[in-house]
Amino acid sequence: MQLEQQSFDSDYVLRLKQGDPDTQRHFVNYFGDLLRVKLRGKLRAPQLVEEAKQETFLRVLLTLRERGIDHPERLGAFVNSVCNNVVMEVYRAESRTAPMPENFHPADGQIDAESEMVNEQRRNLVRQLLDELPAKECELLRQVFLEEKNKDEICQQFGVDRNYLRVLLHRARNRFSALLGERGKAHGVGG
């Protein structure tokens, strides 16, 4: 399907914010395939891909309607960052709600030793990589992703506003991802 070329500017964002059907259709068609490709590389289950895509659309449209965005020409980057946040939440939710392995029997305490060993290697690698980051970035990632601390408290602690916190988080995640990409494959953890 060939989409009519649209420029992402304040007029486009305003039409999207006001619920213009043609603009919404274009937005969903344009970003739908891009998000699907991105999410397939990050999430295994097709239903998670679809749910994450829909959640991304919902959050973007709600944000536009509630408060808008400062730089309409960066709508694509905004959609991408919202999608990244949704993916991180899916990862966190999946790790919290992961079912016990089928071979785990509380009565006799058996657990898949190989799986446990791989998980321990991953935890150790993450700890090691976090320790290699600059102290400020390490602390920021720990508070946001491991401790899930309130972002307003983190802003106050670091003396930044929410927008600059996003910048700091982006830089810290990129640096962590680069380290993970360099050494993660050797430890059986994809980058």
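Listed by first and then second residue, the pairs linking a residue in region 32-45 that is under 18 Å from residue 76 (Cα atoms) to a residue that is surrounded by 14 or more Cβ atoms within 10 Å (Cβ to Cβ) and among the small types (Gly, Ala, Ser), with Cβ atoms under 8 Å apart and 6 or more places separating them unless they lie on different chains, are 35/52; 39/52.
In region 92-101, the condition of being under 21 Å from residue 42 (Cα atoms) and modelled with pLDDT of 80 or more is met by at least one residue. List every residue pair whose Cβ atoms sit under 6 Å apart, with the two residues 6 or more apart in sequence or on different chains, where the first one lies in region 149-176 and is small (Gly, Ala, Ser) and the second, anywhere, is modelled with pLDDT under 90. Close Cβ pairs (under 6 Å, with a partner that is modelled with pLDDT under 90) amount to 172/137; 172/140; 172/141.
I want to confirm something. Restricting to region 147-177 and keeping residues that are modelled with pLDDT under 85 and either touching a Ser or Thr at 6+ places or on another chain (Cβ under 6 Å) or loosely packed, with under 12 Cβ neighbours inside 10 Å (or both), which single residue is nearest to residue 93 (Cα to Cα)? It would help to see each step written out before you state the result.
Of the residues in region 147-177, the ones modelled with pLDDT under 85 are 147-149, 176-177.
Adding the requirement that they be either touching a Ser or Thr at 6+ places or on another chain (Cβ under 6 Å) or loosely packed, with under 12 Cβ neighbours inside 10 Å (or both) leaves 147-148.
Numbers: 147: 14, 148: 12 Å.
So, considering only residues that are modelled with pLDDT under 85 and either touching a Ser or Thr at 6+ places or on another chain (Cβ under 6 Å) or loosely packed, with under 12 Cβ neighbours inside 10 Å (or both), the one nearest to residue 93 (Cα to Cα) is 148.
The values are calculated or read from the model by the stated rules, or taken from the named source; none is laboratory data. Model, not experiment: these values are computed from the prediction. When we count neighbours, we look across all protein chains shown, and the Cβ atoms used for this are built from the backbone with ideal geometry, even at glycine.
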